[in-house]
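A short write-up of the structure that comes next.
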Amino acid sequence: MDKTILELHELLKNKKISSQELVAESLKKSHEIQEKYNAFVTILDDAKGTDKIDHLLSGIPFGIKDNYSMKNVLSTGSSNTLKDYVPFYTATALQKLLDVGAIPVNKTVLDEFGMGGTGTTGHTGIVKNPWDPTRMTAGSSAGSACAVASGVYPYALGSDTGDSIRKPAAYCGIVGYKPTYGMISRYGLFPFASSLDHCGVLTRSVCDAAIVVDAMKGIDEHDMTSWDSKDIHLYENITKSVEGKKLCYIKELCNIEMYDNPTEELQNHLKNFKEKIELCKSLGMKVDEVSIDPKLLNALPSVYVAISCAEATSNMSNLTGIIFGPRGEGDKYEEIMMDHRTKGFSPLIKRRFVIGSYILQKENQERYFKNAQRVRRLLVDAWKELYRTYDAVILPVGTGVAKHLDGSKDILTKDTAALEEHLQIGNFGGFPSITIPDGFIDGLPVALNITGNCFEDEKVLQIAYALESKMDYKNQIAKEVK
Ligand code: GLN
């Protein structure tokens, strides 16, 4: 299934292939990929094709991150606390796809409840990178990235609280897009940190991302942060000219002299990025280098930890084993809850709850939680200031290629933290943000990201589409390098 949505739609329309054949092929591929890379919690072997053809997505298979609720289908969040949970309703965003005849074929592995960036913490085990199985996919939308990159189907759903769509997309050589906050309803998505959570999609082309999000978006009475986006037509407007558009990149993140002892990989990554800046210019866009106070940039990771852990602690207090999930042992309800949570959550998640509880304690709130919110505002204001002059900010994703699973060969230094974490600004501000592949280092994909102002999704996708069409990385299927 190495084709784009538009190509598959044409084949279905002209009866060159049936939806049933596509589903059968996708299920077969799912089993192969599961064997090699462990991308799925559940493969929906009963999935059936459809004769429906009135929508671009009709009859085409897709994958669902396992933190989207799906009625009568196991939905675990990749956590032992919900290992047998079968929801009695379907997430709005997913329902919208089902309504147009899209066919779900599997539920994909994530870092437990989306809380992680490695793809190694789900309760069914680690997900391997299809370009090099000794490396991570990154996360948390690990299985979705792995499956799309492996050609199981043209798209899979993801969620993004810090960078969970855009990071794994980068490391798997595909496209990851999270639209403006609230453009897609989150009703039925397991909450992680509500002020940062977004639904979105992983695809192999910008155009496919536009088609899927057009179908998923819309106001929903069940999600009070959703808004009416009926005047936004991502796919219809995607080919609009980008001539005269203004972009900027941040000197402190993109210039190699800003780093002490940069690795060769980082040097290559930034050099490759700068070449893509020249490509932007050749498309008639203007690109400036701008400066952001490094103190503000370096505050990013701690602000994210404080806010996301505090919100997660509060959101996940409903996981008691009493309402859903396996019942804990004990006589009193406190004991039952404690047993369920002690056995169910992995140590990494517990660590986040300890941090979150500490931050939310009355005596600590002002110092940690409120201050984190203030710095979040400063960061968002700095980006909003850029959007007064520029249409979008363009930046490299991470410090290079996918990290090793054993971690021993990856040197993360303090001065690269902001480069690793800057995608979180997209969540702080709710900005539309898309990652696209922009090259290779030693046979492994690297990527760049484009982030624009809220509600300017059309413009962000137009820029990404124009750039994608000048590079050779569209619709890539992963090939193992060794
Ligand atoms: N890696 C980040 C974290 O661990 C982002 C996760 C996400 O976006 N869901 O919190």
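None of the figures in this text is laboratory data; all of them are computed from the coordinates on show. Owing to the predicted nature of the structure, the values given are computational and were not obtained by experimental measurement. For neighbour counting, all protein chains shown are included, and Cβ atoms are generated from backbone atoms with ideal geometry for every residue, glycine included.
In the chain, which helices (entire DSSP H runs) extend 30 Å or more along their own long axis, judged by Cα positions, while averaging at least 0.5 on the Kyte-Doolittle scale?
294-315
What relative contact order, as a whole-number percentage, does region 39-82 give when Cα pairs under 8 Å and 6 or more residues apart are counted?
Here the relative contact order equals 26 percent.
Out of all DSSP beta bridges with both ends in the chain, state the antiparallel percent to the nearest 5.
In the chain, DSSP labels about 70 percent of beta bridges as antiparallel.
Using the crude model of +1 on Lys and Arg Cβ and -1 on Asp and Glu Cβ, and no other charge, please compute the dipole size for the chain relative to its Cα centre, in debye to 20.
That gives the chain a dipole magnitude of about 100 debye.
So, how do all the Cα-to-Cα distances of region 246-373 break down into 10 Å bins, in percent, from 0 on up?
11, 24, 20, 20, 15, 8, 1, 0
May I ask which of Lys245/Lys403; Lys274/Lys403; Lys65/Lys362; Lys281/Lys474 have a Cα-Cα span longer than 25 Å here? Don't jump to the answer; show the numbers that get you there.
On the way: Lys245/Lys403 34 Å; Lys274/Lys403 22 Å; Lys65/Lys362 35 Å; Lys281/Lys474 20 Å.
Among Lys245/Lys403; Lys274/Lys403; Lys65/Lys362; Lys281/Lys474, the Cα-Cα distance tops 25 Å for Lys245/Lys403; Lys65/Lys362.
Please compute the Kirkwood hydrodynamic radius over region 152-209, one decimal place, Å, based on all pairs of different Cα atoms.
Result for region 152-209 stands at 11.5 Å.
Quick one: pull the percentage of alpha-carbon pairs in region 34-80 with a separation above 14 Å.
62 percent
As an exercise, take the mean of 1/r over every pair of distinct alpha carbons in region 375-421, invert it, and state the Kirkwood radius in angstroms.
13.2 Å
Rank Asn272, Pro154, Ser140 by how far each Cα sits towards the positive end of the charge dipole of the chain (+1 on Lys, Arg Cβ; -1 on Asp, Glu Cβ) and give me just the farthest.
The Cα lying farthest towards the positive end belongs to Ser140.
Can you give the extra length, in nm with one decimal, that the chain gains between Ser194 and Glu236 once fully stretched, where that is 0.36 nm per residue apart less the Cα-Cα distance?
Contour length minus Cα-Cα distance gives 12.1 nm.
What are the trypsin sites (Lys or Arg not before Pro) within region 215-259 that DSSP puts in a loop, where the Cβ has at most 10 other Cβ atoms within 10 Å? The partial results should precede the final answer.
Values: sites: Lys217, Lys230, Lys240, Lys245, Lys246, Lys251; in loops: Lys217, Lys230, Lys240, Lys245.
Those satisfying the criteria are Lys230.
Please report the relative contact order for region 369-482, taking Cα pairs under 8 Å with a sequence separation of at least 6, and give it as a percent rounded to a whole number.
Once divided by the residue count of region 369-482, the mean separation gives 27 percent.
Simple spin-label model, 7 Å along Cα-to-Cβ: Asp472 to Glu335 in nm?
6.7 nm
So which chymotrypsin sites (Phe, Trp or Tyr not before Pro) in region 70-159 pass both tests, a DSSP loop state and at most 10 other Cβ atoms within 10 Å of the Cβ?
Values: sites: Tyr85, Phe88, Tyr89, Phe113, Trp131, Tyr155; in loops: Tyr85, Phe88, Tyr89, Trp131.
In loop regions of region 70-159 (DSSP not H, G, I, E or B), the sparsely surrounded chymotrypsin sites (Phe, Trp or Tyr not before Pro) are Phe88.
For region 166-309, what does the convex hull of the Cα positions come to per residue, in cubic angstrom?
So the per-residue Cα hull volume is 155 Å³.
At q = 0.18 Å⁻¹, what log₁₀ I(q)/I(0) does region 92-180 have when each alpha carbon counts as one equal point scatterer in the Debye sum?
Scattering profile of region 92-180, log10 relative to I(0): -0.71.
According to the Cα gyration tensor, what semi-axes, each the square root of 5 times an eigenvalue, does the equivalent ellipsoid of the chain have, listed from largest to smallest in whole Å?
Working: eigenvalues 187, 170, 91 Å².
Calculated on Cα positions only, the semi-axes equal 31, 29, 21 Å.
For a 23 Å ceiling on Cα separation, which of these pairs sit above it: Lys230/Lys459; Lys178/Lys384; Lys83/Lys350; Lys251/Lys370; Lys36/Lys276?
Cα-Cα > 23 Å for Lys251/Lys370; Lys36/Lys276; rest within.
Once the Cα atoms of region 225-269 are picked out, what are the Rg and Dmax in Å?
Cα only, region 225-269: 18.7, 49 Å (Rg, Dmax).
Would you kindly state how much longer the chain becomes between Lys343 and Ser291 on full extension, computed as 0.36 nm times their sequence separation minus their alpha carbon distance, in nm to one decimal?
In short, 14.0 nm is gained.
Show me 379-385, 203-209, 308-314 ranked by packing, highest mean number of other Cβ atoms within 10 Å first.
Taking the mean over residues of other Cβ atoms within 10 Å, the ranking is 203-209, 308-314, 379-385.
Expected output is a single nm value to one decimal: the length gained when fully extending between Thr50 and Lys384, i.e. 0.36 nm times separation in residues minus the C-alpha distance. What is it?
On the way: separation 334, 0.36 × 334 = 120.24 nm, distance 4.51 nm.
Answer, rounded to one decimal: 115.7 nm.
As an exercise, identify the GluC sites (Glu not before Pro) in region 139-243 lying in DSSP coil whose Cβ has no more than 10 other Cβ atoms within 10 Å.
Hits after loop and neighbour filter: Glu221, Glu243.
In percent, how large is the relative contact order of region 179-335, given Cα pairs closer than 8 Å and 6 or more residues apart?
Numbers: 149 pairs, mean separation 39.0, N = 157.
In percent, rounded to a whole number, it is 25.
Quote the convex hull volume per residue of region 1-107, based on C-alpha atoms, as a whole number of Å³.
So the per-residue Cα hull volume is 98 Å³.
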